[in-house]
Amino acid sequence: MERLQKVMARAGVASRRKSEEWILSGKVRVNGKTVTQLGTRVDPERDRIEVEGRLIRPEHKRYFLFYKPKGVITSLSDPDGRPVVTDWFREVEERVYPVGRLDYDTEGLLLLTNDGELTHGLAHPRHEVDKVYQATVKGIPAKKSLRRLETGVKLTDGWTAPAKVRMLRSGKEQACLELTIHEGRNRQVRRMCEAVGHPVVHLVRVQLAFLTLSGLQPGEYRELSKEEIRRLKELL
């Protein structure tokens, strides 16, 4: 059983706040009876919900793993006309939304779904869902710099949580690091690396929890399997 306004919002009727306004104004009926209490709980699979006489149905849940290319905005629209991640999902009947963000210059694994509960759960810091990045940085970090990344770096918005860091390879002027974090601060990996004196040249998110980019190229996506969806929900 779920709150009526939550079911309405998830079905795409309106925002949760607008749904609450419609309930209070007597525009919503459940099983033929007008409902005006915001605490009303319903079963979206069984109850008949009508808004101004129009029957609403629970939206079919969809879950996609997308390899976001560099130079794409993690948003539904962009006032400057730049590409956005949902441009790749115009043929999907349901309206899906990105889970978290990858900045414009970062490529890699991004989930899109219309499951609001899963989105909220994956984004909540208490669940500590691992995010794995491969960062090509300027210079060759010394062991002291790697330890700073592992133990925590002081940024403008506070200290970062401990991370897992390992050197994947190094050349004369650059190195590739693998960083595993569970926080979701804005441009966090870039800011961490810059704080230890090694700015990021190229950044890819290669893994989220147990999900990887295996088999995908930039701009490609696939739908999650039932088993993958089950495992994600178990994490939360």
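The values are calculated or read from the model by the stated rules, or taken from the named source; none is laboratory data. Just so it is clear, the model here is predicted, and its values are computed rather than measured. Positions of Cβ are generated from backbone atoms using ideal geometry, with glycine treated the same way; all protein chains shown enter the neighbour counts. Heads up: the accessible areas ignore ligands, DNA and RNA and are worked out on the full protein's heavy atoms, side chains in. Shrake-Rupley method; radii C 1.70, N 1.55, O 1.52, S 1.80 Å.
The table that follows gives values for the structure above.
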| read-out | value |
| --- | --- |
| Subset of segment 41-53 [surrounded by fewer than 17 Cβ atoms within 10 Å (Cβ to Cβ) and in a loop (DSSP other than H, G, I, E, B)] | D43, E45, R46, D47, R48, E52, G53 |
| Some residue of segment 54-63 being within 25 Å of T86 (Cβ to Cβ) and part of a strand (DSSP E or B) | yes |
| Subset of segment 112-133 (residues that are modelled with pLDDT of 90 or more and in contact with a helix residue (DSSP H, G or I) (Cβ under 7 Å, 6 or more places away or on another chain)) | L112, T113, V129, Y133 |
| Among (1) under 12 Å from the mean Cα position of the chain (by Cα); (2) farther than 18 Å from R190 by Cβ, the one test that T151 misses | (1) |
| Qualifying position, being open to solvent by less than 40 Å² (accessible area, probe 1.4 Å) and touching a Leu at 6+ places or on another chain (Cβ under 8 Å), among L4, L38 | L4 |
| Residue among E173, E194 that alone is surrounded by fewer than 15 Cβ atoms within 10 Å (Cβ to Cβ) and among the acidic types (D, E) | E173 |
| Inter-residue pairs, beta-carbon under 7 Å, first of a type in the set (S, T, N, Q) and in segment 102-121, second open to solvent by less than 10 Å² (accessible area, probe 1.4 Å) and assigned to a loop (DSSP other than H, G, I, E, B), 6+ apart | T113/V96; N114/V96 |
| Residue identified as part of a loop (DSSP other than H, G, I, E, B), under 30 Å from R231 (Cα atoms) and either of a type in the set (S, T, N, Q) or open to solvent by less than 40 Å² (accessible area, probe 1.4 Å) (or both) among G184, G219, G215 | G219 |
